[in-house]
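A short worksheet on the structure shown next.
The values are calculated or read from the model by the stated rules, or taken from the named source; none is laboratory data. In this text, all values refer to a predicted model and were calculated from it rather than measured experimentally. Here Cβ is always computed from backbone atoms with ideal geometry, including for glycine, and neighbour counts include all displayed protein chains. Accessible surface is based on the protein model in full, side chains and every heavy atom, while ligands, DNA and RNA are left aside. Shrake-Rupley method; radii C 1.70, N 1.55, O 1.52, S 1.80 Å.
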Amino acid sequence: SYLCREFSKINKNMKKILFFLLACCVLTGCEFYEGTMLQTIPVRVEAREWQFGDGYYYVEFNMPEIDKDVFDRGEVKAYLIRNGHDYNAAYKNILPYVLHLEKDGFLFTETLDFEYGVRWARIYYTISDFVYETTPPAMDFDIVITYPQEF
């Protein structure tokens, strides 16, 4: 009985010590930031701006906001905006975006993809069967840059 009480006391003290050590590790291992710096850049691509590549369309544009620091340590995402003129019906899809469609008896998959490098970005538009040829319509995109945080 005496040994059980002593063991229980040690066990309670060990729990407190372990909790304290864990709390110290968590607090020293985390870095807190005042806020994340984001920039949203709206991009309008007119139908005439799409260029035809090897079975796909693409548009490339200058993005001076994507510097070496953003490329190495930040994050860049692209969103397709549909019905942006009407906020009640508007929605966004992150790229890559895949949509299955039927048009004029043709079944196909429409894919929009995104890539970027230092000071540039490119959006691709592909039709799955590479046969049903259509020029992409005008589209709106948001390019969202998350800038690297300083420590």
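For the range 88-98, give me each residue that is under 13 Å from SER128 (Cα atoms) and open to solvent by 50 Å² or more (accessible area, probe 1.4 Å).
Once the filter is applied, which keeps residues that are under 13 Å from SER128 (Cα atoms) and open to solvent by 50 Å² or more (accessible area, probe 1.4 Å), the range 88-98 yields only VAL98.
So how many residues does the range 82-123 have that are more than 16 Å from the chain's Cα centre (by Cα) and hydroxyl-bearing (Ser, Thr, Tyr)?
3
Does LEU101 satisfy being without any contact (Cβ under 8 Å) to a residue 60 or more places away in the chain, loosely packed, with under 14 Cβ neighbours inside 10 Å and part of a strand (DSSP E or B)?
Numbers: without any contact (Cβ under 8 Å) to a residue 60 or more places away in the chain: yes; loosely packed, with under 14 Cβ neighbours inside 10 Å: yes; part of a strand (DSSP E or B): yes.
Taking the combined requirement at face value, the residue satisfies it.
Residues in the range 73-87: is at least one open to solvent by 30 Å² or more (accessible area, probe 1.4 Å), in contact (Cβ under 8 Å) with a residue 24 or more places away in the chain, in contact with a helix residue (DSSP H, G or I) (Cβ under 7 Å, 6 or more places away or on another chain) and not in a strand (DSSP E or B)?
no
List the number of the failed condition for ARG48; all other conditions in (1) part of a helix (DSSP H, G or I); (2) touching a residue at least 12 places away in the same chain (Cβ under 8 Å) hold.
All conditions are met except number (2).
Filter the range 125-139 for residues that are open to solvent by less than 50 Å² (accessible area, probe 1.4 Å) and closer than 20 Å to TYR79 by Cα and give the result. Can you show your working first?
Let us first name the residues in the range 125-139 that are open to solvent by less than 50 Å² (accessible area, probe 1.4 Å), namely 125-127, 132, 134, 136, 138-139.
TYR125, THR126, ILE127, PRO136, ALA138, MET139, listed by residue number.
Take THR109 and tell me if it is open to solvent by 60 Å² or more (accessible area, probe 1.4 Å) and either in contact with a His (Cβ under 7 Å, 6 or more places away or on another chain) or in a loop (DSSP other than H, G, I, E, B) (or both).
no
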